[in-house]
Amino acid sequence: MSKNINSLEQYKIEYAKSIENPEAFWEKKAEQFSWHKKWDKVLSWDFTKPELSWFEAGKLNITENCLDRHLKNKGDQTAIKWIANNPNEQSRCFSYKELHVEVCRFSNVLKGNGAKKGDRICLYMPMVPELAIAVLACARIGAIHSVVFAGFSAKSLSDRINDADCTILITADGGFRGEKITPLKDISDEAMDSTPSIKKCIVLERTKSKITMKSERDVWWHKEMQKANSNFSAEIMDSEDPLFILYTSGSTGKPKGIQHTTAGYMVYTEYSFRNVFQYSEGDIYWCTADIGWITGHSYIVYGPLLAGATTIMFEGVPTYPDAGRFWQIIEENKVSIFYTAPTAIRALEAKGMEFVNPYDLSSLKVLGTVGEPINEDAWHWYDKEIGKGNCPIVDTWWQTETGGIMISNLAGVTPSKPSFATLPLAGIQPCLVDEKGKEIEGNNVEGRLCIKFPWPSMARTIYGNHKRFKATYFSNFENNYFTGDGALRDENGMYRITGRVDDVIIVSGHNLGTAEIESAMDEHYNVCETAIVGYAHPIKGNGVYAFVICHSKPNNEQALRKEINALVQKNVGAIAKADKIQFVSGLPKTRSGKIMRRILRKIAAGESDDLGDISTLLDPSVVNEIKISAQ
Ligand code: WT7
């Protein structure tokens, strides 16, 4: 494998090369993988359509690169080490050889159940090794996986299944998370009442919960695996064949099925994994994300396995059985690279040092964060109390749509700066633009963050809706990919992400669309109209604040709040429940009827003395009323 960038000097040289001749830069990265046939052309692109193709006409299978390629030299090395929710339950290790066998067997199971190349397969599973195995088996047979986070509701699940017309659903009888068991099969059953495309449901036994199996449709994972052969020669895919769909929230109620393809995603996740974390042979790497999110796809499964690393997978939550669990796992497994989210860091900081102190964290070499801006306080706590001042922190900015880390320091190699994601990776060309789309040059400036040149792991489309893909990402600012984030660039050219500039709120690192929550609330018979905004929350980063207009004045506001949140839980998921619900008689609207969220954000933030110009409002008096009754 090629070597990591290992000095600031070298980063600068590589960066310059990647701009001067991107094709040559990426071609070199791609050459180290196994291909059935190499590409004819490295890159073709047109952001106006948008059309993108990387390593055109190349033939490969990503799982041969994750697994088969490592069998000769590291067949016995641990590929995945899984740690159970319950600390008393035995952990499970899969060597590269063993993982290869399991993936081949499950590939045969999928085939035996009618799956074929190009089919969409939905995975709604707990964080167990079988989830990673199922992901890889889909890729091995050339099916497109669509993993739905196991915290989503039946409605969210069925919407996602229907959007992609999935033919198979893979789930479990239940999932352990802390003290709770999530009844995944019951939820799946409810979802499958309205998913005509599902022909088979493969059920993993995990919690031994009592469930019902529908004959013909439902089959047990373990029974199918018993019959399965352990040889499976991987389907040969084209570079641009879709690898997976992953849903993310947008500014309308309907989630977007972000579609990634094979070769570019492979090249970029491996490259970024090795360089950002400065992975070296023998490291024990742990990313605490869930495979239901992009972080888990790229940096629990694909990136680490492509690099031949040992990746830890944890089933549970940071506070079970107590707030020392992460630190205990680090000690016990001698974790050297640890990657988590600011919301987890803040939550654990709040529990106090008595949960950290008992553990020996001296195996740690590199710390990482992802998902939202990390505030300076949390950064310093992480640095001092977890890294003991010895571990570089990588603050990695990226998105479901970017497939991999875009802006981040390289651990110990390029400088870090608290609350700054810092510099783009070699190969990435960010820029800041003003409202009109004009690029803002120079340093010490602020604007909307765009990327002006393609990179291999960028999303290719929104499943079934290329028009929306174009409108969301390529139409705001000509010839740029628009990220939806605001950012500033300091005197040294380092980026600090300031947060979303669209109608998306990042709650505990999860991307929530305001429209999606609003339409869930609007289902209540007494709810007339709603407006959701985010507000600063000490642990979650952002909390959800709902302004709600009722048809008739509620006689029990507290009870109504509960009912409204129950609808949100049912339609979107528990993570989207409102922290605050304020009943109002009207909303601040422009004459054209657009809700002025800017004003609501100020009120939610407790900054209602400084609302700016409200004279363009249809009815400015409503603002006063909202201010007075604000929570
Ligand atoms: C949004 C993308 C990237 C995987 C997890 C989230 C925010 C992400 C950072 C960071 C500041 C960040 C952005 C981005 N974000 N990482 N290091 N600093 N903000 O993926 O759900 O697609 O959300 O998360 O606002 O646009 P996602």
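Starting from 0.36 nm per residue, how many nanometres of slack lie between residue 580 and residue 523 once their C-alpha separation is accounted for?
Here the answer is 18.7 nm.
Could you tell me what percent of the DSSP beta bridges with both partners in the chain are antiparallel, to the nearest 5?
60 percent
From the backbone phi of the stretch 554-563, what are the Karplus-calculated ³J(HN,Hα) couplings (6.51 cos²θ - 1.76 cosθ + 1.60, θ = phi - 60°) in whole Hz, Gly and Pro given as x?
x, 7, 10, 4, 4, 5, 5, 4, 4, 5
Put +1 on the Cβ of every Lys and Arg and -1 on every Asp and Glu Cβ in the chain; which of 282, 187, 565 then has its Cα farthest towards the positive end of the dipole?
Positive-most Cα among the choices belongs to 187.
Leaving out same-chain residues fewer than 8 places away, which aspartates and glutamates sit with a Cα under 12 Å from that of residue 602?
Straight-distance partners of residue 602: 610.
What does the helix-only formula give at 222 nm for the chain: each DSSP H stretch with n ≥ 4 adding -39500 (n - 2.57), the total divided by the residues, and the result rounded to the nearest 500 deg cm²/dmol?
-8000 deg cm²/dmol
Return the tail of the calculated pair distribution for the stretch 508-630, meaning the percent of Cα-Cα pairs more than 23 Å apart.
Everything past 23 Å amounts to 28 percent.
Dipole magnitude of the stretch 404-456 about its Cα centre, charges +1 at Lys/Arg Cβ and -1 at Asp/Glu Cβ only, in debye to the nearest 20?
About 100 debye.
If you stretched the chain out fully between residue 351 and residue 236, how much longer would it get, using 0.36 nm times the residue separation minus the C-alpha to C-alpha distance?
That works out to 36.4 nm of additional length.
Distance from the Cα centre of the stretch 324-379 to that of the stretch 443-480, in angstrom?
So the two Cα centres are separated by 33 Å.
Compute for the chain: radius of gyration divided by Kirkwood radius, i.e. Rg/Rh, restricted to C-alpha atoms, rounded to two decimals.
0.95
Place a +1 charge on the Cβ of each Lys and Arg in the chain and a -1 charge on the Cβ of each Asp and Glu, then give the dipole magnitude about the Cα centre in debye, rounded to the nearest 20.
It works out to roughly 1080 debye.
Sticking with the crude label model, points 7 Å out along Cα→Cβ, report the distance from residue 613 to residue 179 in nm, one decimal please.
According to this spin-label approximation, the distance is 5.3 nm.
If amide hydrogens are placed 1.01 Å from N in the peptide plane, which non-local residues have theirs closer than 5 Å to the one on residue 41?
56
Return the subset of 351/562; 116/185; 155/214; 59/117; 116/254 for which the Cα-Cα distance in this structure is over 22 Å, preserving the input order.
With Cα atoms farther than 22 Å apart: 351/562; 116/185; 116/254.
Between residue 436 and residue 388, what is the FRET efficiency for a Förster distance of 35 Å, r being their Cβ-Cβ separation, to the nearest 0.05?
Approximately 0.15, to the nearest 0.05.
Show me, for the stretch 318-326, the HN-Hα J-couplings you get by feeding each phi into the Karplus relation (A = 6.51, B = -1.76, C = 1.60, θ = phi - 60°), rounded to Hz, glycine and proline as x.
For the stretch 318-326, the Karplus-derived couplings read x, 10, 10, x, 8, 6, x, 4, 4 Hz, x marking Gly and Pro.
Going by how many other beta carbons lie within 10 Å of each one, how would you line up 93, 104, fewest first?
With the fewest neighbours first, 93, 104 line up as 93, 104.
Mind checking the full-extension length gain between residue 594 and residue 6? Use 0.36 nm per residue of separation minus the Cα-Cα distance, one decimal, nm.
The span from residue 594 to residue 6 would gain 206.6 nm if fully extended.
Toward the positive end of the charge dipole of the chain, about the Cα centre and with charges on Cβ (Lys, Arg +1; Asp, Glu -1), which of 25, 614, 39 goes farthest?
After comparing all options, I get 39.
Past the 27 Å Cα-Cα mark, which pairs from 12/72; 28/256; 180/388; 3/111; 81/223; 227/334?
With Cα atoms farther than 27 Å apart: 12/72; 28/256; 180/388; 3/111; 227/334.
Any idea how far apart residue 223 and residue 557 come out in nm if each label point goes 7 Å out from Cα toward Cβ?
5.5 nm
Could you bin all the Cα-Cα distances of the stretch 7-157 into 10 Å bins starting at 0 and give me the percent of pairs in each, rounded to whole numbers?
Bin by bin from 0 Å, the calculated values are 10, 25, 30, 25, 9, 1.
Give me 397, 54 ranked fewest to most by other Cβ atoms within 10 Å of their Cβ, as a rough exposure proxy.
The order, fewest Cβ neighbours first, is 397, 54.
Taking R0 as 35 Å, what FRET efficiency do you get between residue 46 and residue 165 from their Cβ-Cβ distance, rounded to the nearest 0.05?
E between residue 46 and residue 165, to the nearest 0.05, is 0.80.
Could you work out how far the C-alpha centroid of the stretch 232-270 sits from that of the stretch 145-184, in angstrom?
Result: 19 Å between the Cα centres.
Check the cysteines of the chain one by one and keep only those with no other cysteine Cβ under 4.7 Å from their own.
66, 93, 104, 138, 201, 287, 391, 431, 450, 528, 550
For the stretch 389-394, take each phi angle, set θ = phi - 60°, evaluate the Karplus expression 6.51 cos²θ - 1.76 cosθ + 1.60, and give the result in whole Hz per residue in order, putting x for glycine and proline.
Per residue, the Karplus-derived 3J(HN,Hα) values read x, 10, 10, x, 9, 9 Hz.
Given a Förster distance of 22 Å, report the FRET efficiency between residue 569 and residue 193 from their Cβ-Cβ distance, rounded to the nearest 0.05.
0.75
In what order do 400, 369 fall by count of nearby beta-carbon atoms within 10 Å, going from fewest to most?
Ranking 400, 369 by Cβ neighbours within 10 Å, fewest first, gives 400, 369.
Using the crude model of +1 on Lys and Arg Cβ and -1 on Asp and Glu Cβ, and no other charge, please compute the dipole size for the stretch 155-276 relative to its Cα centre, in debye to 20.
460 debye
Scan around residue 529 for amide H atoms under 5 Å from its own, H built in the peptide plane at 1.01 Å from N, and keep only partners 5 or more places away or cross-chain.
549
Given H placed on each backbone N at 1.01 Å, which residues far from residue 485 in sequence or on other chains put an amide H within less than 5 Å of it?
Long-range HN contacts for residue 485: 449, 501.
Which of rounded, prolate, oblate describes the stretch 476-517, given a ≥ b ≥ c as roots of the alpha-carbon gyration tensor eigenvalues and a/c under 1.5 marking rounded, otherwise prolate only if a/b is larger than b/c?
oblate
Every number here is computed from the coordinates shown, using simple stated rules; none is lab data. On a predicted model such as this, the values are computed, not experimentally measured, just so you know. Neighbour counts run over all protein chains shown; Cβ positions are idealised from the backbone, glycine included.
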